[in-house]
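For reference, the structure discussed in these notes is given below.
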Amino acid sequence: YDICFRGRRNRGSVGATLHGENKESRIHEIKRKPTNGSVLRPGMVLLKKFLSHDEQVEIVKVCRELGVGLGGFYLPLNPNGTPMQLRMMCLGRNWNPVTHKYGKMRPFDRTIPPSIPNNFSELVTRAIQEAQSLTKKKYRACNEKEVLPSMTPDICIVNFYRNSGKLGLHQDRDESKESLRKGLPVVSFSVGDSAYFLYGDERNAKKANSVALNSGDVLIFGGKSRHVFHGVPAIFPNSAPKELMKDSCLSPGRLNLTFRQF
């Protein structure tokens, strides 16, 4: 499954942009800006516009190239056999949405998931460090690494939602007992169209809190928030930055990467 427009490839688009008319503005953007972040609850931090334009273009490029190859994007099924309203690809380890178990290969085609690119892992590490810094400022007397632990991702689930895509309230509880006990965080990257994100302590949408996740945002939840119920009830069509869509050739929709440590 190709997440980009057919017949158009985004290879080299980052370099082309940097050497085009917007070279100067891109150089300034690459220099890390202070993050506009907020602690939503203990262990849950939202980093607004954390991913730069060029980082997002690179994420699309890499996911597109991996997604059209072996172990790439496919249409997953729910436990009841109905198709999910998204396309999925796993990196590092395969996650089976029917059995809710991880494995070394994808059962239906016996392909081995591609590895997590190093630059993705570096972004995750940087995001966690920024979230821990915000946590320290919010709870001055706390040990920020106890409220929001560090982790090294060995799993990445990549979902691509079209305009009608959605994902019901659920918990991420399929990682190892040790990972869950330590509250090792889930780190979520949003690229493309914005999403309506729900989160709460119960599987009840009416009682859940909500926040908009826009392109470039990073959401992290670990520690006491590791088992929070969360879901995406709606995508906001055509809300992605126009320049991102042009430079990446991403099809209309939302690309979401969630990193975890098994």
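The values are calculated or read from the model by the stated rules, or taken from the named source; none is laboratory data. These numbers come from a predicted model, not from an experiment. In this analysis, Cβ positions are derived from the backbone assuming ideal geometry, glycine residues included, and neighbour counts consider all displayed protein chains.
One table, with the values for the structure above:
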item	result
Residue within the range 145-165 that is among the charged types (D, E, K, R), farther than 18 Å from GLY67 by Cβ and touching a His at 6+ places or on another chain (Cβ under 8 Å) present	no
Index of the failed condition, GLY216 passing every other in (1) at negative phi; (2) in contact with a strand residue (DSSP E or B) (Cβ under 8 Å, 6 or more places away or on another chain)	(1)
Identity of the residue in the range 132-175, among the polar types (S, T, N, Q) and out of contact with any strand residue (DSSP E or B) (no Cβ under 9 Å at 6 or more places or on another chain), that ends up farthest from SER115 (Cα to Cα)	ASN143
Residue match in the range 37-45 (condition: of a type in the set (A, V, I, L, M), within 14 Å of SER133 (Cα to Cα) and surrounded by 22 or more Cβ atoms within 10 Å (Cβ to Cβ))	yes
Number of the condition not met by GLN85 [criteria: (1) crowded, with 16+ Cβ neighbours inside 10 Å; (2) in contact with a Ser or Thr (Cβ under 8 Å, 6 or more places away or on another chain); (3) modelled with pLDDT under 95; (4) closer than 26 Å to PHE50 by Cα]	(4)
Where a residue in the range 152-163 is over 16 Å from GLY253 (Cα atoms) and assigned to a strand (DSSP E or B) and its partner, wherever it lies, is of a type in the set (Gly, Ala, Ser) and modelled with pLDDT of 95 or more, with Cβ under 8 Å and at least six apart	ILE155/GLY92; CYS156/GLY92
Neighbours by Cβ (under 6 Å, 6+ apart or cross-chain): first from the range 43-61, polar (S, T, N, Q); second surrounded by fewer than 21 Cβ atoms within 10 Å (Cβ to Cβ) and modelled with pLDDT under 95	SER52/GLU29
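Residue-by-condition table, conditions (1) closer than 23 Å to ARG162 by Cβ; (2) among the β-branched types (Val, Ile, Thr):
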{"residue": "LEU75", "(1), (2)": "yes, no"}
{"residue": "ASN80", "(1), (2)": "yes, no"}
{"residue": "TYR102", "(1), (2)": "no, no"}
{"residue": "PRO107", "(1), (2)": "no, no"}
{"residue": "THR111", "(1), (2)": "no, yes"}
{"residue": "SER115", "(1), (2)": "no, no"}
{"residue": "THR125", "(1), (2)": "no, yes"}
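To keep it simple, each residue is scored yes or no on (1) farther than 26 Å from GLU65 by Cβ; (2) touching a Lys or Arg at 6+ places or on another chain (Cβ under 9 Å).
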| position | (1), (2) |
| --- | --- |
| ASP193 | no, yes |
| ASP201 | yes, yes |
| SER210 | yes, no |
| LEU213 | no, yes |
| GLY222 | yes, yes |
| LEU244 | no, no |
| ASN256 | no, no |
